[in-house]
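To start, the structure under review is shown below, and the notes come after it.
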Amino acid sequence: MTDFQQRLAVLFKEVTAKQEELTAALRNMGATRVPDYEFKRGDGTPVQLSELFGDKDELIWIHNMGQRCNYCMLWADGLNGFVDHIQRRCALVLGSPDEPAEMQAYANSRGWRFPLASVQGTEFNKDMGFFMDGEGDYPGFSTFQKNADGTIDRFSMSFFGPGDSYCAVWPMFALLPRGVNDWEPER
């Protein structure tokens with residue numbers, strides 16, 4: 001092994017250790033009880049957060065900024081390929097601040113296969129820390145657990161952002177000669 005390869009091996013171990021430390025910190029945020037929020041499906045019908053679990057007791061909620069965000073489209077497109085794998089483990093829902101029919105039409109145009117819920121008119125994103133006054137919605141995800149008594153706890157959360165480990169193209173593009181500095185997703 002060359003000196004360069006040895007240095008890479010050391011860096012990979014350091015990065016892996018830091019990633020494990022971050023994951024542990026996120027998992028140990030402490031469960032927070034949340035109300036059974038009401039949202040709207042793409043057809044405008046109401047749906048409770050508890051209903052979105054289906055037959056699962058865990059749920060991943062994608063906080064999507066809606067049609068105005070090309071980056072959110074990129075993350076959702078990527079997650080769309082993992083829907084079957086994710087849904088074998090837990091429920092998956094994409095929440096958007098868009099009007100329900102608009103949200104559904106956009107999802108259909110992208111071929112998204114996960115359930116949708118419009119958070120329009122709710123405090124959900126703000127309560128979950130994904131809405132900042134003066135700035136608007138932020139992208140990321142929250143994980144939830146539905147308890148045996150029907151109560152719901154938010155278990156953890158993380159933000160999405162350029163270069164994160166939740167979108168497969170970032171680490172690959174970063175290794176191209178020009179990196180990711182000159183690239184942004186397009187519709």
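Read-outs throughout are calculated quantities, based only on the coordinates presented, and are distinct from any laboratory measurement. Keep in mind that what you see is a predicted model, and the values were worked out from it rather than measured. Here Cβ is always computed from backbone atoms with ideal geometry, including for glycine, and neighbour counts include all displayed protein chains.
Mind listing the phi-derived Karplus ³J(HN,Hα) values for the stretch 142-154, rounded to whole Hz, using 6.51, -1.76 and 1.60 with θ = phi - 60°, and x for any glycine or proline?
Residue by residue, the stretch 142-154 yields 10, 10, 10, 10, 9, 7, 4, 7, x, 6, 10, 10, 7 Hz.
Using alpha carbons only, what's the Rg to Rh ratio of the stretch 1-74 with Rh from Kirkwood?
Numbers: Rg = 20.2 Å, Rh = 16.9 Å.
Expressed as Rg/Rh, it is 1.20.
Using unit Cβ charges (K, R positive; D, E negative) and no other charged atoms, how large, in debye to the nearest 20, is the dipole of the chain about its Cα centre?
So the dipole magnitude of the chain works out to roughly 480 debye.
Under 5 Å between amide hydrogens, which residues at least 5 positions from Leu92 or on another chain qualify, with H placed 1.01 Å from N in the peptide plane?
Ile60
Once the piece of chain linking Glu123 and Asn181 is laid out straight, how much longer is it, given 0.36 nm per residue of separation minus the C-alpha distance between them?
17.4 nm
Determine the relative contact order of the chain: mean sequence separation of Cα pairs under 8 Å and six or more apart, normalised by residue count, in whole percent.
Working: 282 pairs, mean separation 48.3, N = 187.
Contact order relative to length: 26 percent.
Just to verify a number: FRET efficiency for Val169 and Val34, C-beta to C-beta distance, R0 = 35 Å, to 0.05?
Step by step, r from the Cβ atoms, then E = 0.65.
Full extension from Phe159 to Leu8: what is 0.36 nm times the residue separation minus their Cα-Cα distance, to one decimal in nm?
That pair, Phe159 and Leu8, stretches by 51.6 nm at full extension.
Would you list which aspartates and glutamates come within 12 Å of Lys146, measuring only between C-alpha atoms, while excluding same-chain residues fewer than 8 positions from it?
Of all the aspartates and glutamates, those that pass the test against Lys146 - Cα under 12 Å, at least 8 places apart if same chain - are Asp36, Glu51, Asp55, Asp57, Glu58.
From the Cα gyration tensor of the stretch 111-151, with a ≥ b ≥ c the square roots of its eigenvalues, which class applies: rounded if a/c is under 1.5, or else prolate if a/b is larger than b/c, or else oblate?
oblate
Kirkwood hydrodynamic radius, computed over distinct alpha-carbon pairs, for the chain: how many Å, to one decimal?
It works out to 17.9 Å.
When Tyr71, Tyr37 are ordered from fewest to most other Cβ atoms inside 10 Å of their Cβ, what list results?
Ascending Cβ contact count within 10 Å gives the list Tyr71, Tyr37.
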